[in-house]
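Reading through the structure tokens given below for one structure.
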Amino acid sequence: MGQGLFGEGVSRLCGVVAATTAREMRALTARALKETPTIELRLDWLKNDEERHKLLRWLRSQRNRKAQFIATCRRRVGGGEFAGDAGAELFWLMKAREVGCQWCDVEVETLRELPGKSVRGYSVPGRVLLSYHDFQKMPRLPKRLNLPAQAGADGIKVAGMARTIGDSVRLLRVLRKSRQIVTVPMGEVGLPARILALREGSALAYAPVAAATAPGQVNLREMKQLYRAHRVTTKTRVFAVIGAPIGHSLSPLLHNTGYVAAGKDAVLLPFLAEKLRDFLNNVAEFGVQGFSVTLPHKRAIFRYLDDCEALAEEIGAVNTVTVRKNGSLYGSNTDYLGVLRALEKKIRLRGSRVVILGAGGSARAAAFAVAKSGGEVLVCARRSSEAKKLARAVHGGVIALSALSETKVDALVNATPVGMHPHSEVSPLRSSELNCSLVMDLIYRPMQTKLLRMAAARGMATVSGAEMFVAQGVAQWELWMGQRAPEASMKQAILRALRAEETLRW
């Protein structure tokens, strides 16, 4: 397997150090070494030869015996930043060897220009990784990759852009049948496979210390502490959150915090799923045992389920799927519990009048939570047919947007995505349209949406979507784990992250 490429005891989690000045590179290297002893130095990112000389002189003085340095000076023809030719690239790699770099990365584009298409005879670092990058698509690959006999390389790295989840799986399949190989599925779609690559036998998994050097990267700290990629094995239970978009989701933070607190060997990964079938076709490939469903798939998932709890079927939306041992899919709805628990902390639902803004999957969960608790539901949605359908399902009514300012209700729940990060300065309603005592926004990022700020300015009570998000996620966690969740730790992690974002924003 690929893990033997760098020797026993060497961390396969590689921190990528890339900056335009030697000073920045030194600082990033120090940060990286706190997380991993395996470091790639992107010499091509440095703005000129003077900065490269400065960095290498500094590196000579360090001589960290535990550190493994991989020198990379990738040319533009290979997707890097270095403007020089193949000879200039090799010059810097040879200089890197002189100051203690044990490894170097040479692109296939450079290899093709060398005599005999080999690095033999050049005083580059003693171990060579031959790399190929395609930033546009996933290249067509054989079932098994073998090192070119004449190349003088010790391992192969293949990085390809994953346009679909299926693309990233194809790269993992090659990895499983090859030796001395590093695979890097690029792009946001390829992120889960990038994290799980070590489990499948990749010799390295790359993560930038600061600036991303390839699409879809997560930084080194997240790779190690949030996803614990270096600890994932074939015994690790894998869960997922799917949606489009998905980058904003804090589900990985919520669930993974819970796994650590409870001592569980499990990880939850974010899957960008533009098409449901793209994800569902590869559930078995990743070994996913359960997944959280977000926009826009909460209702579309129904047609793919083998079974479903009665409440979720009645609501008409699923946000939680359990993959049974036989591969069948069982749907549940924990959004219902999330809304219920969050609202009941602030208002007595029995006998109350509540406006639900929206008619999608989250709106349906909110409407049923209110109705089943004895409240009256009024649905307000831009599509009147959907509003009427939801109103009938909960024995409620429909209210027009124009009537909101004239109709006094007890609470209003925003179940639309309007106001979600990165469009946080937008509100689904004007201040004058708020005619209630309490406003809840199911959006949790940002924690204080423009809608909630407007409501607070008018003296109304507010409920952040963070309350609902934590409650529904805790219910999911318990459903999959079969035990009580460490709710306090999970909630603390989410609130800390959201408050940090609020501080940066304001």
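The values are calculated or read from the model by the stated rules, or taken from the named source; none is laboratory data. Here the structure is a predicted model, which means the values were calculated and not measured. Because the Cβ atoms are built from the backbone with ideal geometry, glycine has one as well, and the counts that use them run over all protein chains shown.
Things worth noting here:
- The set of residues from region 57-81 being touching a Phe, Trp or Tyr at 6+ places or on another chain (Cβ under 8 Å) and of a type outside the set (Gly, Ala, Ser) comprises Leu59, Gln68, Phe69, Ile70, Cys73, Arg74, Arg75, Arg76, Glu81.
- If you go through region 23-56 and keep only what is of a type in the set (Asp, Glu), touching a Cys at 6+ places or on another chain (Cβ under 6 Å) and assigned to a helix (DSSP H, G or I), you end up with just Asp44.
- Of His248, His230, His255, all but one fail to be more than 12 Å from the chain's Cα centre (by Cα) and modelled with pLDDT under 95; the exception is His230.
- Among residues of region 154-187 being free of Cβ contacts under 8 Å to residues at least 40 places away in the same chain and either acidic (Asp, Glu) or touching a Pro at 6+ places or on another chain (Cβ under 8 Å) (or both), the one that is nearest to Tyr132 (Cα to Cα) is Val158.
- For region 210-220, a tally of residues being touching a residue at least 60 places away in the same chain (Cβ under 8 Å) and surrounded by fewer than 16 Cβ atoms within 10 Å (Cβ to Cβ) returns 1.
- His248 meets the stated requirement of being closer than 24 Å to Pro422 by Cα and either touching a His at 6+ places or on another chain (Cβ under 8 Å) or β-branched (Val, Ile, Thr) (or both).
- Residue within region 325-334 that is small (Gly, Ala, Ser) and in a helix (DSSP H, G or I) present: no
- Condition met for Gly87 (part of a helix (DSSP H, G or I) and assigned by TED's automatic domain parsing to the domain that holds Ala203): yes
- Among the candidates Val184, Val218, the residue that is under 19 Å from the mean Cα position of the chain (by Cα) and not in a strand (DSSP E or B) is uniquely Val218.
- Pairs, first among the hydroxyl-bearing types (Ser, Thr, Tyr) in region 66-81, second not in a loop (DSSP other than H, G, I, E, B), C-beta under 8 Å, six or more apart: Thr72/Glu40; Thr72/Leu41; Thr72/Arg42; Thr72/Leu43; Thr72/Asp44; Thr72/Cys104; Thr72/Asp105
- Among the residues of region 343-355, just one is assigned to a helix (DSSP H, G or I) and among the aliphatic types (A, V, I, L, M), namely Leu343.
- Residue check for Ala363: within 24 Å of Leu250 (Cβ to Cβ) and in contact (Cβ under 8 Å) with a residue 40 or more places away in the chain: yes
- Yes/no for Ala284 being crowded, with 22+ Cβ neighbours inside 10 Å and aliphatic (A, V, I, L, M): no
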